[in-house]
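Here's the structure, in structure tokens; my notes come after.
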Amino acid sequence: MAENLSILDLFLQSGFFVQLILAGLLLMSVLTWTIIINRSKALGEAKRNAAKFEDRFWSGIDLSQLYQDVQSRENELTGTEKIFFSGFKEFARLHRNNEAQPVAVMEGATRSMRVALAKEVDELESSLPFLATVGSVSPYIGLFGTVWGIMNAFIALGAVKQATLAMIAPGIGESLIATAMGLIAAIPATVFFNRLTNKVEKLENNYIAFMEEFTTILHRQVFGAKEA
């Protein structure tokens, strides 16, 4: 009968502690794939939104008009739109103050954009540390379940006068499932953590490049107006 055992049968026949480990690893695997799908969609949308806004930004539109357009969606802004809005809002506020020096205006605008950039990067990296944790610890959790199951199997065999391979195989098999389950959880988590992290870094570099270019434009405006 042992020859007809399925994975489900091995799970049901394993000890409570091993079952608990398997259930935990299964939960980690489900959460991993949920995060992978959600983060992939979010990063893809962030990339499209950044490209769309930058096309409009470099189309020659007046920056004041662009600011008025995005201001109506202030609570929905993300990525480069949020960085632009934060920087231009502080720039306009300080620029209207006749006592503000050009250097102070630029420092205020740059500081606002850096804060917005940090918040956007934090949002992009949301849940990625969980993938890193799953990728690093789940193989060891699975291995611990395997060791525990094998240990119990040999303890049980100690009470038997004559042990055969048919008696040992089910216990060893149900224990090895824990290792397999650990790898099933760890491999996708590690692979997609690296891929998603790479996408976040590319978006962050894109945001930084936009911020530097926008800062240059504001610099020309404020110092040009001061000289005039």
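Bear in mind these aren't lab numbers, they're just calculated from the coordinates by the rules spelled out. Note that the structure is a prediction, hence the values are computed from the model and not measured. Here the Cβ positions follow ideal geometry from the backbone for every residue, glycine too, while neighbour counts run over all protein chains shown.
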Q: List the chymotrypsin sites (Phe, Trp or Tyr not before Pro) within segment 44-83 that fall in a DSSP loop (any state other than H, G, I, E or B) and whose Cβ has at most 15 other Cβ atoms within 10 Å.
A: W58
Q) Which whole number in µm²/s is D for segment 23-163 by Stokes-Einstein, with the Kirkwood Rh taken over Cα pairs at 25 °C and 0.890 mPa s? A) 125
Q: Please give the length that would be gained between E76 and D55 if that part of the chain were fully extended, namely 0.36 nm times their separation in residues minus their C-alpha to C-alpha distance (nm, one decimal).
A: 5.7 nm
Q) Whole-Hz Karplus ³J(HN,Hα) for segment 135-141, in order, using 6.51 cos²θ - 1.76 cosθ + 1.60 and θ = phi - 60°, x for Gly and Pro? A) x, 8, 9, 4, x, 6, 5
Q) Under a point-charge model restricted to the Cβ atoms of Lys and Arg (+1) and Asp and Glu (-1), what is the dipole moment magnitude of segment 52-110 relative to its Cα centre, in debye to the nearest 20? A) 60
Q: Past 21 Å, Cα to Cα, is the threshold; run K52/K202; K41/K89; K41/K119; K82/K202 against it and keep the listed order.
A: K41/K89
